[in-house]
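Engineer: I'd like to ask some things about the structure below.
Values quoted throughout were computed directly from the atomic coordinates according to the rules given, and no laboratory measurement underlies them. Bear in mind that the values here come from a model prediction, so they are computed numbers and not experimental data. Cβ coordinates were reconstructed from backbone atoms using ideal geometry, including for glycine residues, and neighbour counts include every protein chain displayed.
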Amino acid sequence: MNPILFFAAFSGVFILLNMYISKRLITKLDIKQIYKRYLRIFLIVNFLGIIAYMIGRYYIDFPNWLYFIFSLPIGILFLLFCTAVIYDISRVLLHHSPISQKRRNFFKRSLDISSFVVATSLSARSIYEAKHVKLERVNVKIKNLKKPYKIVQLSDIHIGGLIDKEFVKNIVNRVNKLDPDLVVITGDLVDINIKHAQTTLDELKSLNSKYGTFFIVGNHEYFHNIVEIIKAVKALGIRVLENENVYIGDENEGFNLAGVYDIFGYKVKTHIPDINKALRHLKKSPTVLLAHQPRYIEEVNDSVDLILSGHTHGGQLYPFKLLVKIVQPYISGLHQHNKNLQIYVNKGTGFWGPPMRLGASSEITLINLS
């Protein structure tokens, strides 16, 4: 999309959200006009913070503390919008409820107070969840696998902005303590120009495992020169699976590990996923496929036993989960897709946009294959 059109559409959406919050929440509150004015000023300042965030993400380098401040308004606005919708519905129901005016006034005041308490609490909780990456342990049984393997899956780290060198260094240290057989990174690793990400990316050199680290691209790699990102990742000693497969483990006791480009390649006509090419010359062993988006499962045949995906962030902020479900068959966790095929969807190790997660914690996944 043309940058000017994108900026106009982006700004327009947030202006409409602000207008709804102002008219359907702030206007209806039983508080003094001066306080309503302060709340509307807050909305304006918050909107300017969103604009500053987009400028800082793609055009100007801000100090990290300032970037953190500018990254919060998108999440705050979204939570306020959700609060406003719930408040609006509750207010209408209360207005038509068969109770006395005295009780109605009492419940209305309670609704006013609780709306802001809930919005503030959820904002604080979501910031906490984004900063604390959980370890998810998953046991996956695969037919005809001769011996067990430990895979650590990372996904959607989104290097750039608040996902900096220290964040990645901490993730690497935690992964190494798990002593995995291999590490897989299922896309959306880099989310800025590679020259700004290189120092942070270099931390991945320290990943230790028996069979190495493997990477597939996600949709965000296409936004920042996918060729240069693949080149930089390979320079770290990480194997990039580009519609291809490798054999993991000892002869006749291991499994095939395959990887495809992301389906965003269909749209931009480059680095297009090819499942047939990725599964060529497989050995007679189980097959694990790395595919960034869960909906790629629609193109997978019966020769695959397990798919490892990411992309969804588990919804990141809970109400988004309902929207993600419209386009993705699975949002998070392990699922039995059919008799032969399972899929695990990682909720993301980092985050995109605001440093906020609600009901969808960041994760490092330890997958025990047996």
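Engineer: With charges set only on the Cβ (+1 for Lys and Arg, -1 for Asp and Glu), what does the dipole of the range 134-369 come to about its Cα centre, in debye to the nearest 20?
Structural biologist: Numbers: 29 positive and 24 negative charges, 83 e Å.
Around 400 debye, computed over the range 134-369.
Engineer: How charged is the neighbourhood of I159? Take every other residue with its Cβ under 10 Å from the Cβ of I159, and add Lys/Arg as +1 and Asp/Glu as -1. The partial results should precede the final answer.
Structural biologist: Numbers: positive: K165; negative: D164, D188, D191, E203.
Surrounding charge for I159 is -3.
Engineer: Same structure again: If packing is taken as the mean number of other Cβ atoms within 10 Å per residue, what is the order of 247-260, 117-130, 274-287, highest first?
Structural biologist: Peptide ranking by packing, descending: 247-260, 117-130, 274-287.
Engineer: Shifting gears a bit: Give me the one-decimal nm value for the distance between modelled label points at I60 and E166, 7 Å along each residue's Cα-to-Cβ direction.
Structural biologist: Using points 7 Å along Cα→Cβ, the separation is 2.4 nm.
Engineer: How high is the relative contact order of the chain, in percent, counting Cα pairs under 8 Å that sit 6 or more residues apart?
Structural biologist: 19
Engineer: While we're here: Sort V246, V183 so that the residue with the fewest other Cβ atoms within 10 Å of its own Cβ comes first and the one with the most comes last. Each step should come with its number before you reach the end.
Structural biologist: Working: V246 15, V183 26.
Ordered by Cβ neighbours within 10 Å, fewest first: V246, V183.
Engineer: Turning to a different aspect of this structure: Using the Cα centre as the reference, give the magnitude of the dipole from point charges on the C-beta atoms of the range 3-130 (Lys, Arg: +1; Asp, Glu: -1; all else neutral), rounded to the nearest 20 debye.
Structural biologist: Dipole of the range 3-130, to the nearest 20 debye: 800 debye.
Engineer: Another question, then. Using Cβ contacts closer than 10 Å as the measure, can you line up W352, W65 from fewest to most?
Structural biologist: W65, W352
Engineer: Moving to a separate point now. Which pairs break 20 Å Cα to Cα here: K146/K283; K165/K195; K234/K269?
Structural biologist: Over 20 Å Cα-Cα: K234/K269.
Engineer: Another one. Counting only other residues whose beta carbon sits under 14 Å from that of S123, what net charge do I get with K and R as +1, D and E as -1?
Structural biologist: Around S123, the surrounding residues sum to +2.
Engineer: Next question, about the same structure. Run the helix sum for the chain: -39,500 (n - 2.57) per DSSP H stretch of 4+ residues, divided by residue count, reported at 222 nm to the nearest 500 deg cm²/dmol. Walk me through the intermediate numbers first.
Structural biologist: On the way: 10 runs with 156 residues, N = 370.
Taken over the chain, the calculation gives -14000 deg cm²/dmol.
Engineer: So what is the relative contact order for the range 166-232, in percent, with contacts set as C-alpha pairs under 8 Å and at least six apart?
Structural biologist: 45
Engineer: Determine which residues of the range 217-233 fall in the zone a paramagnetic label at E299 would reach in this model, i.e. backbone nitrogen under 14 Å from the point 7 Å along Cα→Cβ.
Structural biologist: Backbone N within reach: 217-219.
Engineer: Where Lys and Arg each count +1 and Asp and Glu each count -1, what net charge lies around G314 among other residues with Cβ under 14 Å from its Cβ?
Structural biologist: Neighbourhood net charge equals 0.
Engineer: Quickly work out the A235-to-L16 label distance, labels modelled 7 Å from Cα along the C-beta direction, and quote it in nm with one decimal.
Structural biologist: It is 4.3 nm.
Engineer: Then there's this: Name the shape class, rounded, prolate or oblate, that the alpha-carbon gyration tensor gives for the range 149-195, where a ≥ b ≥ c are the square roots of its eigenvalues, rounded holds for a/c under 1.5, and otherwise prolate holds if a/b is larger than b/c and oblate otherwise.
Structural biologist: Taking the square roots of the gyration eigenvalues as a ≥ b ≥ c, the range 149-195 is oblate.
Engineer: Where a Cα-Cα gap under 13 Å defines reach, which aspartates and glutamates qualify for K147, not counting those fewer than 8 residues away within the same chain?
Structural biologist: Correct list for K147: D181, D250, E251, E253.
Engineer: Starting from the Cα gyration tensor of the range 134-369, take the square roots of the eigenvalues, sort them a ≥ b ≥ c, and report rounded, prolate or oblate (rounded when a/c is under 1.5, otherwise prolate if a/b is larger than b/c, else oblate).
Structural biologist: Rounded shape, in that the Cα axes give a/c under 1.5.
Engineer: Here is a further query. Given a 10 angstrom Cα cut-off, can you work out which residue in S100, S22, S11 is the most mobile in a GNM of the chain?
Structural biologist: Result: S100 has the largest fluctuation of those listed.
Engineer: Roughly what % antiparallel, to the nearest 5, for the DSSP beta bridges in the chain? Intermediate results must be reported in sequence, preceding the final value.
Structural biologist: Values: 15 of 45 bridges.
Percent antiparallel among DSSP bridges in the chain is about 35.
Engineer: Another question about this same structure. With a/c under 1.5 counting as rounded, go ahead and sort the range 3-130 into rounded, prolate or oblate using the C-alpha gyration tensor (a ≥ b ≥ c being the square roots of the eigenvalues; past the cut-off, prolate if a/b is larger than b/c, else oblate).
Structural biologist: Prolate shape, in that a/c is at least 1.5 and a/b is the bigger ratio.
Engineer: Among V327, N368, L72, whose Cα projects farthest towards the positive end of the dipole of the chain, with charges put on the beta-carbon of Lys, Arg (+1) and Asp, Glu (-1)?
Structural biologist: With unit charges placed on the Cβ atoms, the residue in question is L72.
Engineer: Same structure, new question: Give me the number: length gained by fully extending L178 to F107, i.e. 0.36 nm times residue separation minus the C-alpha to C-alpha distance, one decimal in nm.
Structural biologist: Contour length minus Cα-Cα distance gives 20.4 nm.
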